[in-house]
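Below is one structure, written out as structure tokens, with a few remarks after it.
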Amino acid sequence: MVLLADRVGALDDAGANALARDPSAGVVQAFATALIESLRPTAIIERWLAAAIRHTNADVRAHVLGVAAARGGVLAEHIGRLGATDAAPAVRLAAIRALGASRRREVLPLLAQALQRPAADEQLASTEALGQIHARETVPLLVGLFDRTRLMRKERGALQQAAARALAQLPRELTKDALVQLAQDKDPTVAGIARDALGN
């Protein structure tokens, strides 16, 4: 109904603002979902999502970030920034995914910070998000994950495998040197990802 009202022009700014600030989680989630397909200008949708992300329910905030991720671009960046330091872990994860979905190099400092957080799932989500940012500055952030040590040995595991997959998603002219080196990695999964990306 919200999407239909939006399409036929029956949803005015005051009505949309009221929906975005409604105390009911279901109402705000339905409103946010309708904005995925809204034809309104991006700046207006961003304003409504920025209001909705202030909801007291963490599930609503995470849902709003999912909507922002679905729309991508500068909207995903701006709404992702609003959720990046949320108290709720699920919201921070959704924010990281939105930042990745923005595909904008401006989010790299935030993703780099998330890589340093203690939560393993946030580190993993940030690594995966970096694979969507096709910028030269992305490569050293990913390569650095292969130099991490644990108990005096180079760390290898899900994070490094995700980093290899992220490097494989980036343009080859940016990542060829790194992938050639990783093709000789002691972790067979990492080496296999690199070799596949190189076509070996």
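The values are calculated or read from the model by the stated rules, or taken from the named source; none is laboratory data. These figures come from a predicted structure and were not determined experimentally. Here the Cβ is made from the backbone with ideal geometry for all residues, glycine too, and neighbour counts use every protein chain on show.
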Inset, instruction - Give me a count of the residues in region 138-176 that are more than 17 Å from ARG195 (Cβ to Cβ) and more than 23 Å from the chain's Cα centre (by Cα). - result: 9
Inset, instruction - Mind listing whichever residues of region 55-84 are in contact with a helix residue (DSSP H, G or I) (Cβ under 8 Å, 6 or more places away or on another chain) and either free of Cβ contacts under 8 Å to residues at least 12 places away in the same chain or of a type in the set (S, T, N, Q) (or both)? - result: ASN57
Inset, instruction - Of the conditions (1) within 19 Å of LEU110 (Cβ to Cβ); (2) buried (at least 18 other Cβ atoms within 10 Å of the Cβ); (3) not hydrophobic (A, V, I, L, M, F, W, C), GLY144 clears all except one; give me its number. - result: (2)
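Pick out, from region 1-42, the helices (runs of 4 or more DSSP H) lying fully within it that include 2 or more residues that are modelled with pLDDT of 95 or more and at negative phi.
By residue number, 25-34.
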Inset, instruction - Among the residues of region 29-42, write down those that are touching a Leu at 6+ places or on another chain (Cβ under 7 Å) and among the β-branched types (Val, Ile, Thr). - result: THR42
Legend entry - region 163-175 - residue that is among the charged types (D, E, K, R) and under 14 Å from HIS134 (Cβ atoms) and, of those, surrounded by the fewest Cβ atoms within 10 Å (Cβ to Cβ): GLU173
Inset, instruction - Could you figure out which of (1) at negative phi; (2) modelled with pLDDT under 95 isn't true of MET152? - result: (1)
Inset, instruction - Would you point out which residue out of ALA112, ALA119 is surrounded by fewer than 20 Cβ atoms within 10 Å (Cβ to Cβ), within 19 Å of ALA94 (Cα to Cα), of a type in the set (Gly, Ala, Ser) and within 14 Å of the chain's Cα centre (by Cα)? - result: ALA112
Legend entry - Total residues in region 36-47, condition buried (at least 16 other Cβ atoms within 10 Å of the Cβ) and either among the polar types (S, T, N, Q) or closer than 21 Å to LEU93 by Cα (or both): 2
